[in-house]
Amino acid sequence: MIKNASNNLLHLTLREMQSGFLNIKFVICMIAAVTILTIAGPFGTLRSFNILERFAYWLILTPITFLIASFCATFIVVYLSKLGSGKWLSHGIAGIAAGIPVGISVWAFHLLLNNQIAPDWNFLSTMISNTIPITFAITMAYASLSQNKTPSVANVKGSKSSDLFFNRLPKKLGRDIISLNAQDHYVEVRTTLGSELILMRMNDAIAELSDHEGLQIHRSWWVARKHVVKILSRDGKKFLQLTNKTRVPVSRSFSKNIQSLTQK
């Protein structure tokens, strides 16, 4: 179980990173970052290298440190989000933590470039103390800019809303959805072929599946009508049993939504 949870967490981390890297904005940001760093020459590179050397230095180091910081920060955000941490807290912790491996990477690259065998521990602490504020600021800026990351269905033209939804899922899961279950910042999508966690709001997921016959029966649950087997009652509470043997709670505020099921 622990192994499966770790694999799922790693899978989510890589998917989140991939969605960012496959964006033209990422390439533009990388070019801009290398240009600015070449001109500014931070961490002593201005006095140590000429402009061509600085360009080569940052052209190599910038993508490496960005990948390291992105992986660390994304992994921590995904992990803390699954534990129920708020958006700003999880991004703040992730931003601080990501600065440590980035500082170590810059330090190690500097040693390698200068053929230093004996490590300079003072320089390492200086690097980490300088990179933590940078990764923290970038992570918080990203969190702020991605606040409205999920596109509104009403603003997307030329596609069925469900097509937008299924583009978020691995093709191996198919399109036969059984249920949606909100889990903090994520929605667990269960199909007849498996399940997947995707980063989006429950309301947006339901909106994108508006052309699917289904109903919301709880603040955290949406079910496909055709996968409802029967309605169960226990201690005055109602549940739906689904085709995958899952029993889903029906909250009182959504109980009117299941009335049509008795007419099946």
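The rows are residues; the columns are (1) open to solvent by less than 80 Å² (accessible area, probe 1.4 Å); (2) at pLDDT below 90.
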residue: S152; (1), (2): yes, yes
residue: N155; (1), (2): no, yes
residue: S159; (1), (2): yes, yes
residue: L180; (1), (2): yes, no
residue: L197; (1), (2): yes, yes
residue: E213; (1), (2): no, yes
residue: H227; (1), (2): yes, no
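Residue-wise test of (1) within 20 Å of the chain's Cα centre (by Cα); (2) closer than 19 Å to I138 by Cβ; (3) not polar (S, T, N, Q).
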position: T74; (1), (2), (3): yes, yes, no
position: V78; (1), (2), (3): yes, yes, yes
position: A97; (1), (2), (3): yes, yes, yes
position: A108; (1), (2), (3): no, no, yes
position: L111; (1), (2), (3): no, no, yes
position: N114; (1), (2), (3): no, no, no
position: F123; (1), (2), (3): no, no, yes
Within the range 81-96, track down each residue that is open to solvent by 30 Å² or more (accessible area, probe 1.4 Å) and either of a type in the set (A, V, I, L, M) or modelled with pLDDT of 90 or more (or both).
-> L83, L89, I93, I96
Out of the range 43-60, which residues are within 36 Å of the chain's Cα centre (by Cα) and of a type in the set (G, A, S)?
-> G44, A56
Residues satisfying the stated conditions in the range 229-264, i.e. part of a helix (DSSP H, G or I) and surrounded by 14 or more Cβ atoms within 10 Å (Cβ to Cβ) = F254, N257, I258, L261
Of all residues making up the range 42-78, the number that are surrounded by fewer than 17 Cβ atoms within 10 Å (Cβ to Cβ) and of a type in the set (S, T, Y) = 1
Search the range 161-172 for residues being surrounded by 13 or more Cβ atoms within 10 Å (Cβ to Cβ) and more than 19 Å from the chain's Cα centre (by Cα), and hand back the single one that is modelled with the highest pLDDT.
-> D163
How many of the residues in the range 168-193 are in contact with a helix residue (DSSP H, G or I) (Cβ under 7 Å, 6 or more places away or on another chain), within 15 Å of D204 (Cβ to Cβ) and part of a loop (DSSP other than H, G, I, E, B)?
-> 2
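The values are calculated or read from the model by the stated rules, or taken from the named source; none is laboratory data. Remember, it's a predicted structure, so these values are computed and weren't measured experimentally. Reconstructed Cβ throughout: ideal geometry from the backbone, glycine too, with neighbour counts over all protein chains shown. SASA here: full protein model, heavy atoms, side chains in, ligands and nucleic acids out. Shrake-Rupley method; radii C 1.70, N 1.55, O 1.52, S 1.80 Å.
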